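Quick notes on the structure that follows.
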Amino acid sequence: MQIYIDILLITNWIIGYIFLQIAGKLCSLGFRKHGLFWGSCLCSAVSLLIVFDLSGILIQTIIFIIKLLCLFVIAYASFKVSDFRQLARVTAGLVFVNILFAGTALLFWQVSGRRTVYIKNCTVYFDVSLMSIFIITILTYIIISLYQRCIIKKFKNHISYTATFFDKDFSVTLPAIADSGNLLVDVLSGDSIVVFKSRKLAEYFGMDKDTYPNIPFRLVTAHTQGENLLIPIVRCERLAIVSQSGESKFVRCLVGIINPKENCNDERAVFNPDLLD
C-alpha cells in the first residue's frame, strides 16, 4: 500500500481542521489566535508516525502513548483553555470525534466492498479513496451536528435555569432567565453578553456604587432588567447554564455586572437563548 507524504499531510491537515471545529463546537470553547491553523498543522505532523518502520509491543505501546499525549498538546495549542479540566474535556471531545470517524470509516469500508486494511504504528488505515475520506468526514460532522441539535432542542424546552460564573476558586450561581430580548453583544469579540445582577459578584470585583471592576473591563450601554445602564463587562473563565433537570452547558460569552441596590433581593442572570445553540 503506497501512501504519499504530500497527500498524507494535506489530507490530515484538512481533516484535523474539521475535527477541531467539531470538538470546539461540542465543548463550547473558542480558539486561540491562529490556534486552529497550528492545531491542524500538529494533526498533520502526527500522521507522519506512519513512516517509521517500528515493531515490537513495547515500541507500539510507546507510540500509542505519544499519540494520546499529542492530543493533549493539540488541544492546548488550539483552544482557549483555562485549567486542566477544560483541557481534559476538549481532549475527550477530540477522542470522541476520532472514534466516531473511525466507526463511520469502518462502515463505509464494509459497504464499499474493499477488503484491504493496513495496520502500522497503532494506526489502522482503510483502503478507501480520498473522496471517500472526505465523504466520511462530512458524515461525521452531520452525525455530531444532529446529535447536538437534539440535545439542544431538549435543553431549550426547559423553562427554569441557573447560571454559574467561575473564576479560579470563586463561583456564584443565580437563577437565570432565557430572554431573546437580550441582544447584548461585545462589538470587539462578537461574543454574547450574559448580564449578572449580583451583589456577590460585584463585591468580588471590588465594585461598589461608584466604582468599576478591579480587572480589565469594557463598558456597554443597555436597557436591561427595567433600567438604562452603563454596564461593565468582563471575560469569565467559565460560565455554565444548567436546566431544571440538571443538564448543563458551558457557554462562551462575556459577563455584564450589575450591582443591585441595597434593598433589592431580585438577583438573577439574563442570557440570550441562542447561547444554547
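Where a number appears in this text, it was derived from the coordinates with a stated rule and is not lab data. Bear in mind the structure is a predicted one, so any value in this text is a computation, not a measurement.
Details
- Checking the Cα-Cα distances for LYS33/LYS67; LYS25/LYS200; LYS25/LYS168; LYS33/LYS168; LYS200/LYS249 against a 26 Å cut-off, the pairs over it are LYS25/LYS200.
- Cut-off under 5 Å, modelled amide H: who pairs with ARG32 long-range: PHE79, LYS80
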